[in-house]
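Everything on this sheet refers to the single structure shown next.
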Ligand code: ADP
Ligand code: TRP
């Protein structure tokens, strides 16, 4: 796609926090949509490392607790955790098909202008708006001691979206309120200083919530994930550990209430799904056999991405080059926006 055509398309932006290994809930809930959209818009995707800092202390404590239980693990210091997570997410996205020639792919912290915009936006954002944030309230009610960054997280997220004057923001439903806050903040700024920001629209992926191995929503904090890049024994352990009901082998099984079947549906064709449903209903087919079919599907589905991931791990220069090029593109857009913002609020233009 030529640059002129790309720039005439809607700007699509999303961010992913670098906070641990990505699982198949993240893939079907977010990553797959991001990658599919790179042919349909002027895409900007970034690794939210400034945001990840808001929960880095918890990540470090979790690692210390794990190392206390498992003496073979050496806990990493916080800075190593952050750096490793950013590198891992970058490699994961590239391995899964993100093409840096199509989408600008970059680290949030390579664009320091986003922090400047966050500050300016914070001066038009009401305390009440932030105090109503579900995500913040949830974390605090679960015992997390909040830092100021966690409280102002939605303002930085608004800056991420607005600085690139994004039109569409593909995210999971859990981000709905953050998007509403972004629109609110954009409206306050435009009202105070004149139209600068287009109103961004959230695009929700309506695919069902991916269940975890215990039947609850798959999520890092529940310990019920199947990681995208798990392989061999680790993948087998996760799949064979999926919780099912306890039916005798001869009994028919109900595909509509089974976690194994729900996961299988994500990976198989309609004909394959129907074939498995027939086996479930016929009886004489156990969950162990169903899990083996699921295991083969997951293994095959991500096989090519796993190979690409291994190659990228051996070529850190390629990963760095993609992120650097992405940052140059993103930063040039961010700087144009910031010149306009500074002018509108009455600040002088910085000497270059
Ligand atoms: P986690 O719940 O594991 O901490 P995140 O909150 O970092 O995952 O989610 C990153 C993205 O993946 C979000 O867009 C979220 O909506 C999506 N996502 C996470 N878990 C699931 C799931 N089980 N099903 C569908 N989408 C999910
Ligand atoms: N808060 C988002 C999440 O947890 C990550 C994020 C940060 C983001 N900035 C963003 C998503 C801007 C979309 C747009 O998933």
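FYI, it's all coordinate maths here, none of it is from the lab. It should be emphasised that the depicted structure is a prediction, and the values quoted were computed from it without experimental measurement. Here the Cβ positions follow ideal geometry from the backbone for every residue, glycine too, while neighbour counts run over all protein chains shown.
Listed by Cβ neighbour count within 10 Å, with the fewest neighbours leading, 99, 88 appear as 99, 88. Between 249, 121, 266, the GNM of the chain built on Cα springs shorter than 10 angstrom shows 249 fluctuating the most. Taking only the C-alpha atoms of segment 230-301, Rg followed by Dmax gives 11.7, 32 Å. Arranged from fewest to most other beta-carbon atoms within 10 Å of their beta carbon, 157, 199 become 199, 157. Centre-to-centre, using Cα atoms only, segment 209-275 and segment 309-324 are separated by 32 Å. Each residue in 69, 40, 62 was given a count of other beta-carbon atoms within 10 angstrom of its own, and listing them fewest first yields 69, 40, 62. Which whole-number percentage describes the relative contact order of the chain, with Cα contacts under 8 Å and a sequence gap of 6 or more? It rounds to 22 percent for the chain. Using 0.36 nm per residue and subtracting the Cα-Cα separation, the extra length available between residue 318 and residue 275 on full extension is 11.2 nm.
With contributions of -39500 (n - 2.57) from each DSSP H run of at least four residues, the per-residue ellipticity at 222 nm computed over the chain stands at -16500 deg cm²/dmol. Look at the alpha carbon pairs under 8 Å that are at least 6 residues apart: their mean separation over the length of segment 230-301 gives a relative contact order of 42 percent. Spin-label pair residue 66-residue 3: with each label point 7 Å from Cα along the Cα-Cβ axis, the two points sit 4.2 nm from one another. Dividing the convex hull volume of the alpha carbon atoms of the chain by its residue count gives 162 Å³ per residue.
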